[in-house]
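For reference, the structure discussed in these notes is given below.
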Amino acid sequence: MAESMKGMKRTHRCTEVTEQMIGQTVTVMGWVQKRRNLGNLIFIDLRDRSGLLQLVFDSSNVGEEGFSKAATLRSEFVVAATGEVIARSGAVNKNLKTGTIEIKVTELRILSEAQTPPFPVEDGINTKDEIRLKYRYLDLRRPELQRNLILRSKTAMVIRNFLTEEGFLEIETPILGKSTPEGARDYLVPSRVHPGSFYGLPQSPQLFKQLLMCSGYDRYFQIAKCFRDEDLRADRQPEFTQIDMELSFVDVDDVIDVNERLLARVFKEILDVDVPLPIPRMTWQEAMDRFGSDKPDTRFGFELKDISDLVKDCGFGVFTGALANGGSVRGINAKGQGKMPRKKIDALVEFAKTYGAKGLAYLSINEDGSYKSSFAKFMKPEELDAIVQRMEAEPGDLLLFAADKTSVVWTVLGALRVEIAKNLGLIHSDEFKFLWIVDFPLLEYSEEQGRFVAMHHPFTMPVEEDLPLLDTDPGKVRAKAYDITLNGVELGGGSVRIFQDEVQEKMFEVLGFTKEQAQDRFGFLLDAFKYGVPPHAGLAYGFDRLMMLMLEQESIRDVIAFPKVKDASCLMTNAPDIVDQKQLDELGIAIAQTKEA
């Protein structure tokens, strides 16, 4: 039967009790991790968010009733205990912060009893994710997840303190806003007061933070909830958290400077890791050409090499066919892997196909300098030698090539180099390689929509010297945009914003918007710009992704308290769920039944 805390007050968390307190009386409260009954002594491992502390019971101290009560304790019972701090009577546990001390209990209260949990509340369990997420409140008791959320909280505080020191103001922007169907799908919220109308949940506070710049709040930030109705991956959730900021009277270098110092502060204070500044910068074009990705992992080599010019007249139809269709032929050098078994090479071919490749061509260099290749019979010896030289290959190396549209080749080889590095154990999660990617294309052509679309968003400023190309060759215009990447993951991105009317009008024109359409979608922002808008720029980080990388986790689910699963549902609460017909009637909503349903 549960007892009251009345008259009993917790004095310390478990690991706040130290050797220096030996002889003092303390009161601790928490969950029973484990009980060991030795007959005349009972040992309890007590757990709270700070860690473990051993309690010891004998009848001479806690009394017969208290000793009998201790004998009934089971895993996850919630208890309060008062007693004297003493040196451990048994072996010291060097793995515990409190491993040299224990509490000799004089009073025990059982505050809450517990059923046997569906899985052990401890680290290193093999429980299925579905079970862990169904009982998330139990999963969150595990030390690993508690450490993650505690460090997430500390990181948010470091960020707030730093940005406040830098003159930023924390300002909240609305959750219920206007749907802007550019980019990912919005989550829609029906309005009862305005039948047939819907709010859109924000994919980012983009428009509102630009309005704040118009309003004179020249440095804004917010740790903001955002929403995107898109398919999930390991590093995506339907609702996620951004570290969002916007600055006035700045250019690219100013934004990069303050953010480099922010990252250095966070990594030093949270992980005691020194981030060398300045962080290297690489253009988007160089990143794609060298790594096949605009978020390259630079912890290892296997860089791409273009051999298109060497094979344009060769006898291998796969290469010449790709080039005839405007594509390219590129390869990577898997150093020292020339003896890779054919079975493993075939597995890499199948992996490449999942990224759009029709296949892979390979060439391995034997120790005697001879070649073993899937395409050598179609090539002249001097052509093979030129390829090997371009690839900077040596005896014992394995060369892998893709031939297709350049975008496909980049994607395939970009993924392949990471897969090979993983297979060879070359990727270390405790190594942090930051990189800025700059000079992105302003636009990309959408075959589906038959028009150019903004690679970032319609308010991104073009590089000034590229402005004339908006009329003649829009695809070649570079953006004043920048992404910060870490270990092959995009941590955040931003851009300098357009603030001149004529540039914004030209941008909308290139994107295929009429003036009426632009006014309908973004009129409130365009109207605000008529009243004096400063040059401004911003950046937003994915806070969940940042914590995932800092804490060396496989998924952002392990740094979020209550995450969703792949179909955007919550296994613990069963959200989303059906609602009462009365609620639907008030909103004027009818559910359309499908044959499948």
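Charges only on Cβ, +1 for Lys and Arg, -1 for Asp and Glu: so what's the dipole of region 435-579 about the Cα centre, in debye to the nearest 20?
320 debye
Holding the Cα-Cα limit at 27 Å, pick out from Lys154/Lys480; Lys225/Lys582; Lys476/Lys506 the pairs that are longer than that.
Lys154/Lys480; Lys225/Lys582
Residues of region 392-409 with backbone nitrogen within less than 15 Å of a virtual label 7 Å along the Cα-to-Cβ line of Glu367, please, listed as ranges.
Flagged as within label range: 395-397.
Read phi for every residue in region 185-197 and hand back ³J(HN,Hα) as whole Hz from Karplus 6.51 cos²θ - 1.76 cosθ + 1.60, θ = phi - 60°, with x for Gly and Pro.
6, 7, 7, 9, 10, x, 9, 6, 6, 10, x, x, 10
Take every Cα-Cα pair in region 465-505 and report what % of them are more than 15 Å apart.
Of all Cα-Cα distances in region 465-505, 57 percent exceed 15 Å.
At 20 °C and 1.002 mPa s, what whole-number value in µm²/s does Stokes-Einstein give for the translational diffusion of region 1-124, with Rh from the Kirkwood sum over Cα pairs?
Answer, rounded: 148 µm²/s.
Determine which lysines satisfy two conditions relative to Lys94: a Cα distance under 24 Å, and not lying fewer than 8 residues away in the same chain.
Lys34, Lys104
Using 31 Å as the Cα-Cα cut-off, could you pick out the over-long pairs in Lys305/Lys353; Lys268/Lys305; Lys344/Lys405?
Distance filter (> 31 Å) returns Lys268/Lys305.
Among DSSP bridges having both ends in the chain, what percentage is antiparallel? Round to the nearest 5.
95 percent
Could you check the simple spin-label distance between Ile427 and Ser89, using points 7 Å along Cα→Cβ, in nm with one decimal?
According to this spin-label approximation, the distance is 5.2 nm.
Return the inverse of the average 1/r over all pairs of distinct C-alpha atoms in region 263-383, which is the Kirkwood hydrodynamic radius, in Å to one decimal.
Taking the inverse mean of 1/r over all distinct Cα pairs, region 263-383 comes out at 17.4 Å.
Taking θ = phi - 60°, what integer Hz values does the Karplus form 6.51 cos²θ - 1.76 cosθ + 1.60 yield along region 382-396, in sequence order, with x for Gly and Pro?
With the stated coefficients, region 382-396 comes to 5, 5, 4, 4, 5, 4, 4, 5, 4, 7, 6, 9, 10, x, x Hz.
If you fit an axis through the alpha-carbon atoms of helix 406-423 and take the longest principal axis of the Cα set of the chain, what angle between them do you get, 0 to 90°, nearest 10?
Long axis of 406-423 versus the principal axis of the chain: about 40 degrees.
Going by a ≥ b ≥ c, the root eigenvalues of the Cα gyration tensor, does region 337-386 fall in the rounded group (a/c under 1.5), the prolate group (a/b larger than b/c) or the oblate group?
It is oblate, given that a/c is not under 1.5 and a/b is not larger than b/c.
Would you mind calculating the relative contact order of region 488-597 from Cα pairs under 8 angstrom and at least 6 residues apart, reporting the percent as a whole number?
Reported relative contact order: 24 percent.
Which FRET efficiency value, to the nearest 0.05, do you get for Val579 and Ala376 by plugging their Cβ-Cβ distance into 1/(1 + (r/R0)^6) with R0 = 45 Å?
Using R0 = 45 Å, I get an efficiency of 0.10.
Compute the Rg to Rh ratio over region 402-549 from the alpha carbon atoms, using the Kirkwood formula for Rh, and round to two decimal places.
1.05
By average Cβ neighbour count within 10 Å, what is the ranking of 112-123, 305-316 from highest down?
Ranking, from highest mean packing down: 305-316, 112-123.
Hey, with R₀ at 56 Å, roughly what FRET efficiency would Thr594 and Glu286 work out to, going by the Cβ-Cβ distance, to 0.05?
0.70
Residues in region 377-415 near a label at Ala324, defined as backbone nitrogen under 16 Å from the 7 Å Cα→Cβ point?
Output list for this probe position: 403-405.
How would Glu3, Glu447, Glu170 line up by accessible area, probe 1.4 Å, largest first?
Glu447, Glu170, Glu3
Would you pull out the residues with amide H under 5 Å of Asp297's amide H, same chain only if 5 or more places away, H placed 1.01 Å from N?
Under 5 Å from the amide H of Asp297 lie the amide H atoms of Gly488, each far enough along the sequence or on another chain.
Ranked highest first by the average count of other Cβ atoms within 10 Å around their residues, in what order do 517-526, 195-204 fall?
Highest to lowest by the protection proxy: 195-204, 517-526.
Roughly how large, in nm² to one decimal, is the mean projection of the convex hull of the alpha-carbon atoms in region 60-168?
For the Cα atoms of region 60-168, the hull's average projected area reads 11.0 nm².
Could you grab the relative contact order for the chain? Cα pairs under 8 Å, six or more apart, rounded to a whole percent.
About 13 percent, as a whole number.
Working out 0.36 nm times the residue gap between Lys6 and Asp231, then minus their Cα-Cα distance, what length gain in nm do you get to one decimal?
Net length gain for the segment: 76.0 nm.
Using the Cα atoms of region 128-238, I'd like the radius of gyration and the largest Cα-Cα distance, Dmax, both in angstrom.
Cα radius of gyration and Dmax of region 128-238 are 18.0, 51 Å respectively.
Explain nothing, just the number: dipole magnitude of the chain about its Cα centre with +1 on each Lys and Arg Cβ and -1 on each Asp and Glu Cβ, in debye rounded to the nearest 20.
Dipole of the chain, to the nearest 20 debye: 2160 debye.
What is the Cα radius of gyration of the chain over 2.2 N^0.38 Å, N being its residue count?
Dividing the Cα Rg of the chain by 2.2 N^0.38 Å gives 1.21.
Could you pull out every one of the aspartates and glutamates with an alpha carbon less than 12 Å from that of Lys134, ignoring same-chain neighbours closer than 8 positions?
Those aspartates and glutamates meeting the cut-off do not exist here.
For region 555-597, report the % of Cα-Cα distances exceeding 15 Å.
When every Cα pair of region 555-597 is considered, 62 percent fall beyond 15 Å.
Please work out how much length the chain gains when fully extended from Gln500 to Leu176, using 0.36 nm per residue of separation minus the C-alpha to C-alpha distance, in nm with one decimal.
113.8 nm
Given an 8 Å cut-off on Cα distances and at least 6 residues of separation, report the relative contact order of region 267-351 as a percent.
19 percent
Give me the one-decimal Kirkwood hydrodynamic radius in Å for region 1-43, with the sum taken over alpha-carbon pairs.
Taking every pair of different Cα atoms in region 1-43, averaging 1/r and inverting gives 12.9 Å.
Where does each of 567-576, 530-539 land if you order them by average Cβ count within 10 Å, highest first?
Order by mean packing, descending: 530-539, 567-576.
How large is the direction-averaged shadow of the alpha-carbon convex hull of region 478-563, in nm²?
For the Cα atoms of region 478-563, the hull's average projected area reads 8.3 nm².
Tally up the carbon and sulfur contribution to the accessible surface of region 213-267 as a whole percent, 1.4 Å probe, everything protein left in place.
Percent of accessible area from carbon and sulfur atoms in region 213-267: 40.
Looking at the calculated P(r) for region 180-289, what percent of the C-alpha pair distances fall above 23 Å?
53 percent
How much length, in nm to one decimal, is gained on full extension between Lys128 and Lys566, taken as 0.36 nm per residue of separation minus their Cα-Cα distance?
156.2 nm
Send over a whole-number figure in Å² for the accessible area per residue of region 346-398, probe 1.4 Å.
56 Å²
Would you be so kind as to identify which of Ala561, Leu511, Leu549 lies farthest towards the positive end of the dipole of region 477-597, taking Lys and Arg as +1 and Asp and Glu as -1 on Cβ and the Cα centre as origin?
Projecting each Cα onto the dipole axis, the largest value belongs to Leu511.
Report the residues of region 297-315 in range of a label on Gln389: point 7 Å along Cα→C-beta, backbone N strictly under 16 Å from it.
306-312
Ignoring everything except DSSP H segments at least 4 long, calculate the 222 nm mean residue ellipticity for the chain; use -39,500 (n - 2.57) per segment, divide by total residues, nearest 500.
-9000 deg cm²/dmol
Expressed as a whole percentage, what fraction of the accessible surface of region 301-408 belongs to carbon and sulfur atoms when a 1.4 Å probe is rolled over the protein heavy atoms?
About 51 percent, which is the carbon plus sulfur part of the accessible surface.
The values are calculated or read from the model by the stated rules, or taken from the named source; none is laboratory data. Quick caveat: nothing in here was measured; it's all calculated off a predicted structure. In this analysis, Cβ positions are derived from the backbone assuming ideal geometry, glycine residues included, and neighbour counts consider all displayed protein chains. Surface areas here come from the heavy atoms of the whole protein model, side chains and all, with no ligands, DNA or RNA. Shrake-Rupley method; radii C 1.70, N 1.55, O 1.52, S 1.80 Å.
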